Structures are given as C-alpha cells and as structure tokens.
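Below is one structure, written out as structure tokens; the observations come after it.
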Amino acid sequence: MNQHATRVNDTTIRVPVSLLKPGMFVCRLDRPWLGTPFLMQGFLIQTNAEIGTLTDLCNQVYVDTQKSLISLQSQKRKRFSRRPIDDHFQYTPAIDREIAKTGLKSVLPVYSQTVKTLRSCFQEYAKNQLISAPILEQQIDHCLNAVLLNGPAMAWLSRVKSHSQYTSEHSMHVSMLAMVFAVHCGWSKEEARNAGLAGLLFDLGKLRIPQQILNKPGPLSESEWELFHDHPKWGRYYLEKSGFNHSVVEAAYYHHERPDGTGYPAKRVGSQTPILARLIRILDSFDAITSYRSYAQEKTIFEATKLLYRGRGTSYDQHLVDQFIAMIGVYPVGTIVELSTGEIAVVIGQNNDRKLLPKVSVVRDKNKNPTREKLVNLKDIVDENGQARIAIKSMLNDGSFGLYMKDYTKQLLIS
Ligand SMILES: [Fe+2]
C-alpha cells in the first residue's frame, strides 16, 4: 500500500485524493454524500473526470480494497496493469453486434419518416400555416410502438448527431428520450404518446426567433432576451391553434420553468409546473449539453449528468433527474469511450450484472489509429482472480479521434 494511504480495517484504506486511480472503489468520503453529484453511496472510479470531482470535493476518501478492480494490497502486485492484455479479442460477442444491428434496422425507417414529417411540419409553420396534429400524432404512435419493441435502439439513435439540422434533430432526440423515459417509468400509453409529441414540438416557438439571436456566440442584449423569452408563448399559441392536446401545449409553454421559481414565462415553483414540462426541460438540457452547438462545445454524458445532478431542486426537478440518470445508466449504448488499454470503442450492449463493464466494439487502436473492428465483452476479460483487466478510462465526445456515431452506425447497418 502506498505510504500516504492508511489502512482503516481489513477491507478499507483511507486514500488522499491525489493518489486516486480508476478502478478504485470509493466506499466513503470525508464529507456527507448529500450535496455531491454521486448518486450511489459507494462507487467504482471509472474516469479521470470522477477523480477531478472527488479532488474538488474532498481531501481524502475511503477505498474498499475488495471491491476495487485494482490491487491495493501492495505496490509490488499490480495485476491490473501488468498482465498482458493483447489476447482480449479472443472473446467475440458477435451476437450483441447482430442484436444492435437488427434493432437499429427495425427502428430506422420509422425514425427517418418521423424526422421527415417533423421537418415538413416546421416548414408549414415557417409559412404561417397550422401544423397537422393528426399526421404527427399518427407518426408518434409508430415511434412509440418502436420504442416499446426496441427502446435501446431508439436510445442509440438519440446519440447519433450531425452538426446540421440541429433543431429537428434535437427535437427528435428529446422526443425519443421522452418516450423511452415514459415507458421506463411505466407511464400510460396516452402519457407516453404526449411525451413523444411534446418532445417533438416543445421548442416550436423558437422558429419565430431570428437565427442571429439563436446562434449568437456572445451574451444577448436585453431586447434580444425579451424576444427569446417569448418563444414558449409562440409555441403555445400555434400548438393550441393546431389542435394539439392540453398536455402537449402546456409542456411547450412551461418547459423553461425551474423548481426554484426563477424560470419563465410564469415563474412557477416546483410541482406547479406540469410534470411533462419538467421532464422536457431535463431532456432538452441533456441533449443540448451533449450536442455540438455554434456557441458551446458539446460535453460527455458524464459531464451532462453531473450538471443535471447539480441543478436538482433548483434548475431541474429532483425526482425526475434521479429517475433519468438511473434510466440512462453509466455507459449508454452508443457512447464513445476510451479503454484503459488506450483503445477507443463504442458501447454496443450492457451487462446487467456488471453495468460498469459493458460490451464494446473497439474501432481505434491504442495509438488512436483506425483498426479492424473488434468486439469485446469487458465483463469477461478477467484475470485468474475474476478481476476485470480492462476498464473504461473515460467517456468521449462524438467526433473524438475522428470517430462519429453517425459514421459508425452507418457502417454497422451496411456491414
Ligand atoms: Fe425552449
């Protein structure tokens, strides 16, 4: 054990934050868990970002040596890093690749058709024409069926980003996530349908705002803010006129309200804001934070969930944030990650018993060069003691090392 770490009992050591490493299992902090972004009171360090957060919050933490993936008994015994790992491609979970491919193939037609329908609705709206509620409702019913049959594939598509058509793509992502969330939480079919429609249409009023305001890199002037703050009112006006149901109209009107009452346009507090509007606010932020926008660099899912968590109770509904983070999990399918080997991979499947060790497809070698796709179930790459030999080092943004989910998905579908 490192001289600066102190043994507390048979299974626990106290470690200064400067000595933390991915693979250590943190079982206690030197402060209460409450008020930290960590959901679980005890977790395995997976990324350097988590170490950064611990460094911000604590001086030292307590590490469970039995639950850690790296040996902490002695500096001389480093099973995790010393063992050769170039034989880890012997295991090929080809079946998971096929499941991912089949799932994507089954949902892609309805997804693409919905994008097309949505874009034509936006065009009608731009020409001051009413949106056809029955056409969109019918389309969202097809999407909901696809979510019920293949939620993970729909969630995957919400990770595929292109840097153009942000508005329609963003609305689609929010809509799909809203339906996946509604199904996950056991909402009724009617509620799930409203969630999908609200996701598509909540920001309709923004199309009334001049592009130079929406894409302005610097801060908005007071008059520009006033114009921008009117978009929920525009949304409500047109959705009501187009005949959409009350829940969807309300979600568009109240999606910028905050639990602490500092939102707009009505400054509603807590549960005074309808639940669907509270959910859309979370999904809107989540997808925007993890997407490229002209005025902000996209962030990883880990960073986005951390921001949502920090805003619980003030900016975002506390209970819904908890449920959403529990739903998306630690490494959602369609996430780009760097492995402890230095290789770059895409998460293609989950292991319910080892959520921190998913199934991945390695697409860049340790030097970050493109490589022949290799499929690895991290859960199965263990040493003689059953300890994982490869961990996820960090989550990466779309486009890191030239890897885009859009291209990977295309390649998966045609291969
Ligand atoms: Fe908005």
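The values are calculated or read from the model by the stated rules, or taken from the named source; none is laboratory data. Just so it is clear, the structure is predicted and the values come from calculations on it, not from any experiment. Quick reminder, even Gly has a Cβ in these numbers, built from the backbone with ideal geometry, and neighbours come from all protein chains shown.
Please go through the stretch 372-397 and pick out each residue that is over 24 Å from the mean Cα position of the chain (by Cα) and outside any strand (DSSP E or B). Scanning the stretch 372-397 gives Asp380, Ile381, Asp383, Glu384, Asn385, Gly386, Gln387, Arg389.
Restricting attention to the stretch 187-232, and to residues there that are farther than 17 Å from Ala252 by Cα and aromatic (Phe, Trp, Tyr), which single residue is farthest from the ligand (Cβ to nearest atom)? Taking the candidates together, the pick is Trp187.
For the stretch 168-183, enumerate the residues that are among the β-branched types (Val, Ile, Thr) and either under 16 Å from Val115 (Cβ atoms) or touching a Ser or Thr at 6+ places or on another chain (Cβ under 9 Å) (or both). Once the filter is applied, which keeps residues that are among the β-branched types (Val, Ile, Thr) and either under 16 Å from Val115 (Cβ atoms) or touching a Ser or Thr at 6+ places or on another chain (Cβ under 9 Å) (or both), the stretch 168-183 yields Val174, Val180. For the stretch 1-35, the set of residues classified as under 21 Å from Ile392 (Cβ atoms), at pLDDT 80 or above, part of a loop (DSSP other than H, G, I, E, B) and touching a helix residue (DSSP H, G or I) at 6+ places or on another chain (Cβ under 7 Å) consists of Leu20 only. The residue list Ser271, Ser247 contains one member that is more than 14 Å from the ligand (Cβ to nearest atom), farther than 20 Å from Met172 by Cβ, assigned to a helix (DSSP H, G or I) and among the small types (Gly, Ala, Ser), which is Ser271. Quick check: is even one residue across the stretch 251-266 of a type outside the set (Gly, Ala, Ser), touching a residue at least 60 places away in the same chain (Cβ under 8 Å) and more than 18 Å from Val180 (Cβ to Cβ)? Checking the stretch 251-266: not a single residue is of a type outside the set (Gly, Ala, Ser), touching a residue at least 60 places away in the same chain (Cβ under 8 Å) and more than 18 Å from Val180 (Cβ to Cβ). Residues of the stretch 250-266 that are within 13 Å of the ligand (Cβ to nearest atom) and among the aliphatic types (A, V, I, L, M): Ala251, Ala252. In the stretch 144-153 there is no residue that is β-branched (Val, Ile, Thr), more than 20 Å from the chain's Cα centre (by Cα), in the same structural domain as Gly205 (by TED's automatic domain parsing) and under 19 Å from Lys189 (Cβ atoms). Glu240 fulfils the conditions (1) within 14 Å of the ligand (Cβ to nearest atom); (2) of a type outside the set (A, V, I, L, M); (3) touching a helix residue (DSSP H, G or I) at 6+ places or on another chain (Cβ under 8 Å) except for a single criterion, (1).
Quick one: would you say Trp156 is of a type in the set (Phe, Trp, Tyr) and buried (at least 20 other Cβ atoms within 10 Å of the Cβ)? Here the answer is yes, as Trp156 does meet what is asked.
Taken together, Gly243, Gly235 contain a single residue that is buried (at least 16 other Cβ atoms within 10 Å of the Cβ) and more than 24 Å from Ile325 (Cα to Cα), which is Gly235. Would you confirm whether any residue within the stretch 132-145 is acidic (Asp, Glu), more than 16 Å from the ligand (Cβ to nearest atom) and either in contact with a strand residue (DSSP E or B) (Cβ under 8 Å, 6 or more places away or on another chain) or without any contact (Cβ under 8 Å) to a residue 24 or more places away in the chain (or both)? Taking every residue of the stretch 132-145 in turn, none turns out to be acidic (Asp, Glu), more than 16 Å from the ligand (Cβ to nearest atom) and either in contact with a strand residue (DSSP E or B) (Cβ under 8 Å, 6 or more places away or on another chain) or without any contact (Cβ under 8 Å) to a residue 24 or more places away in the chain (or both). Does Gln129 fit the bill of being at pLDDT below 70 and surrounded by fewer than 15 Cβ atoms within 10 Å (Cβ to Cβ)? Answer is no for this residue.
For every residue, the table says whether it meets (1) within 11 Å of the chain's Cα centre (by Cα); (2) modelled with pLDDT of 95 or more; (3) under 17 Å from Ile392 (Cβ atoms).
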| residue | (1), (2), (3) |
| --- | --- |
| Ile280 | no, yes, no |
| Leu283 | yes, yes, no |
| Ser291 | yes, no, no |
| Leu307 | no, no, no |
| Ser315 | no, yes, no |
| Ile328 | yes, no, yes |
| Val333 | yes, no, yes |
| Thr341 | no, no, yes |
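Evaluation of Thr305 against the conditions (1) crowded, with 18+ Cβ neighbours inside 10 Å; (2) among the β-branched types (Val, Ile, Thr); (3) not in a helix (DSSP H, G or I) shows that the sole unmet condition is (3).
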